[in-house]
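J.: Sharing a structure with you now.
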Amino acid sequence: MIIFAITGTPGTGKTSVCKSKALGLEFMDLNKVIEEKGFYTGVDNERGCFIADLDKLKEYVKEEKEEKRGQKKGGNLLMVIESHLAHFLEPDVAIVLRANPLLLADRLKKRGFSVQKIRENVEAEMLDVILAEAVELCGIVYEVDTSGKSIEEAAFTVREIIDAEIEGESGKKEALREKYKPGSVDWTRHLTVTMKSVKCKVQSAKETIIYS
Ligand SMILES: Nc1ncnc2c1ncn2[C@@H]1O[C@H](COP(=O)(O)OP(=O)(O)O)[C@@H](O)[C@H]1O
Ligand SMILES: [Mg+2]
């Protein structure tokens with residue numbers, strides 16, 4: 001059983017990729033699990049989100065893994081976990097989705113995120129926060145820049161990685177590990193432009209709030 005974590009800053013396309021037919025796999029929507037099963041230790045009122053209970057989530061993933069294992073003997077069993085916290089749950093492979101911070105800012109704005117939340121997430125993406133966590137915690141990490149890709153194209157790439165890891169066909173796997181190795185994405189080249197632009201966006205978002 002191989003556990004895949006599809007992780008990345010909010011807005012990088014994790015849910016879209018996992019729902020895409022091009023991925024075509026069952027997946028665990030961790031955010032839903034957190035909410036539905038009450039696996040949180042509190043609520044962050046400022047950010048409007050739950051504070052996840054990672055111990056309970058780890059336990060739940062273990063149980064699900066055992067259940068799946070019991071259902072099918074042999075074969076290539078896998079589990080896909082989708083969340084910006086998925087890399088904390090001891091996956092075998094972490095696939096970190098990346099998106100240009102400017103693109104991210106636009107998407108999060110459309111999603112109705114607060115100015116503060118947009119800024120926090122854009123900064124986290126610029127500074128490789130999730131990638132660094134994944135590299136520290138997971139043995140195998142892929143980094144996929146989805147900026148120039150459609151949802152289907154991104155999902156196709158993720159599927160290609162999953163298939164290669166499962167088949168264990170070393171040539172393809174090694175080539176993909178090399179192609180998507182951590183460190184291949186670097187937003188710092190765009191740092192100044194992004195900072196300026198996000199500031200502008202932040203200001204205009206503020207104006208929208210004030211004048212709407
Ligand atoms: N590769 C992509 N190309 C264009 N739009 C995308 C892409 N990935 C995601 N989006 C859009 O960005 C928004 C956030 O995507 P979502 O999958 O919810 O991100 P996440 O689950 O990582 O927070 C959605 O409106 C989605 O349609
Ligand atoms: Mg999502």
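J.: Considering only the stretch 29-48, I want to know if a residue exists there that is surrounded by 13 or more Cβ atoms within 10 Å (Cβ to Cβ), over 14 Å from the mean Cα position of the chain (by Cα), at pLDDT below 90 and over 23 Å from Ile140 (Cβ atoms).
T.: Yes.
J.: With the requirement that a residue be small (Gly, Ala, Ser) and either touching a residue at least 40 places away in the same chain (Cβ under 8 Å) or under 25 Å from Pro10 (Cα atoms) (or both), what does the stretch 57-100 give you? So that I can check it myself, show each step before the final result.
T.: Step one: of the stretch 57-100, the residues small (Gly, Ala, Ser) are 70, 74-75, 83, 86, 94, 99.
Hits for the stretch 57-100 are Ser83, Ala86, Ala94, Ala99.
J.: Here is a check on your reading of the model: is Glu143 buried (at least 18 other Cβ atoms within 10 Å of the Cβ) and closer than 16 Å to Tyr180 by Cα?
T.: Spelling it out, Glu143 is indeed buried (at least 18 other Cβ atoms within 10 Å of the Cβ) and closer than 16 Å to Tyr180 by Cα.
J.: Mind checking which residues of the stretch 62-87 are in a helix (DSSP H, G or I) and under 19 Å from Asn31 (Cα atoms)?
T.: Matches in the stretch 62-87: Lys62, Glu63, Glu64, Lys65, Ala86, His87.
J.: Residue under question is Leu54, and the condition is that it be away from ligand 2 (no atom under 16 Å from the Cβ), hydrophobic (A, V, I, L, M, F, W, C) and either surrounded by 19 or more Cβ atoms within 10 Å (Cβ to Cβ) or touching a residue at least 12 places away in the same chain (Cβ under 8 Å) (or both); does it hold?
T.: On the way: away from ligand 2 (no atom under 16 Å from the Cβ): yes; hydrophobic (A, V, I, L, M, F, W, C): yes; either surrounded by 19 or more Cβ atoms within 10 Å (Cβ to Cβ) or touching a residue at least 12 places away in the same chain (Cβ under 8 Å) (or both): yes.
So Leu54 passes the test.
J.: Taking Val158, is it under 13 Å from the mean Cα position of the chain (by Cα) and buried (at least 22 other Cβ atoms within 10 Å of the Cβ)? Give the derivation first.
T.: Values: under 13 Å from the mean Cα position of the chain (by Cα): yes; buried (at least 22 other Cβ atoms within 10 Å of the Cβ): yes.
It is true that Val158 is under 13 Å from the mean Cα position of the chain (by Cα) and buried (at least 22 other Cβ atoms within 10 Å of the Cβ).
J.: Would a scan of the stretch 28-42 turn up a residue that is away from ligand 2 (no atom under 16 Å from the Cβ), of a type in the set (Phe, Trp, Tyr) and at negative phi?
T.: Checked the stretch 28-42: at least one residue is away from ligand 2 (no atom under 16 Å from the Cβ), of a type in the set (Phe, Trp, Tyr) and at negative phi.
Table: residues versus (1) farther than 25 Å from Arg47 by Cβ; (2) surrounded by 17 or more Cβ atoms within 10 Å (Cβ to Cβ).
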position	(1), (2)
Glu64	yes, no
Leu78	yes, yes
His84	no, yes
Lys110	no, no
Leu131	no, yes
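J.: So, in the stretch 41-67, how many residues would count as being of a type in the set (A, V, I, L, M, F, W, C) and under 14 Å from Glu90 (Cα atoms)?
T.: 3
J.: Test of understanding: among Ala86, Ala94, Ala52, Ala99, which residue is within 16 Å of ligand 1 (Cβ to nearest atom), of a type outside the set (D, E, K, R) and at pLDDT below 95? Before the answer, list the steps.
T.: Details: Ala86 fails: at pLDDT below 95; Ala94 fails: at pLDDT below 95; Ala99 fails: at pLDDT below 95.
Matching residue, one of Ala86, Ala94, Ala52, Ala99: Ala52.
The values are calculated or read from the model by the stated rules, or taken from the named source; none is laboratory data. If you're wondering where the values come from, they're calculated on a predicted model, not measured in any experiment. Quick reminder, even Gly has a Cβ in these numbers, built from the backbone with ideal geometry, and neighbours come from all protein chains shown.
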